[in-house]
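I have placed the structure first, in the form of structure tokens, so that the comments after it can refer back to it.
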Amino acid sequence: MRKLPKSLAAFVASAFALIAFGAAPTQAADPTKGEFTIAIFMEDGQVRLTSQEVVLIAKQNNPSTGHTVKATVNGKKKYVRLTKGFYKEDENFSGAVGVGGTTYWRVKGLKPGIAYVKVTTTTPSGEVASTERLKVIVMQVK
């Protein structure tokens, strides 16, 4: 599994404070439509955005192994909206079975406050394999 170095993740997170993506539809995030220029590959961290800004978070996974990935909002759900995940399989030029991919979620700021997005990977036996938490700070702009 590929993760961004912490220094790069901090840079990407701070970039979101400067970039406005505008309003986004509430359906699942489809990365093939080019609606986003930056994605956060999940690891513990934080991001700041204003109301109506949207960030795309991503988690590499392989459902063919039996592992499941789930994103939830912890804390005050009235501050952000999390869309249903969209899974996109990696390119598979060889035609092999069981190629991995990435699950994407949109997180939209609704009103000023702090919420946490937790992404949990669970093994086929039900054990938690990994948990990452992203602190989402929705700021008020005057």
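Derivation of every value follows stated rules applied to the coordinates shown; laboratory data play no part. Source: prediction; values computed, not measured. Cβ coordinates were reconstructed from backbone atoms using ideal geometry, including for glycine residues, and neighbour counts include every protein chain displayed.
The simple Förster model, with R0 at 25 Å and r as the Cβ-Cβ distance, assigns residue 88 and residue 118 a FRET efficiency of 0.75.
Between residue 135 and residue 77, full extension at 0.36 nm per residue minus the direct alpha carbon distance yields a gain of 19.6 nm.
Let a ≥ b ≥ c be the square roots of the eigenvalues of the Cα gyration tensor of the stretch 75-122; is it rounded (a/c under 1.5), or, if not, prolate (a/b larger than b/c) or oblate? Since a/c reaches 1.5 and a/b is larger than b/c, the shape of the stretch 75-122 is classed as prolate.
For the stretch 56-72, 3J(HN,Hα) computed residue by residue from phi via the Karplus equation (6.51, -1.76, 1.60; θ = phi - 60°) reads 10, 10, 9, 9, 6, 7, 9, x, 5, 7, x, 6, 10, 10, 9, 10, 9 Hz, glycine and proline entered as x. Taking the fewest neighbouring Cβ atoms within 10 Å as the starting point, the ordered list for 114, 137 is 114, 137.
By the count of other C-beta atoms within 10 Å, a proxy for reagent exposure, 56, 110 are ordered fewest to most as 110, 56.
Once both labels are positioned 7 Å from their Cα atoms along Cα-to-Cβ, the gap between residue 65 and residue 50 label points is 4.1 nm. Scanning residues 5 or more positions from residue 110 or on other chains, those with amide H under 5 Å from its amide H are 52, 80, 81, with H placed 1.01 Å from N in the peptide plane.
With neighbour counts taken as other beta-carbon atoms within 10 Å, the residues 53, 132, 91 rank, fewest first, as 91, 132, 53. Assuming a ≥ b ≥ c are the square roots of the Cα gyration tensor eigenvalues, decide whether the stretch 49-131 counts as rounded (a/c under 1.5), prolate (otherwise, with a/b larger than b/c) or oblate. Oblate, because a/c is 1.5 or more while a/b does not exceed b/c.
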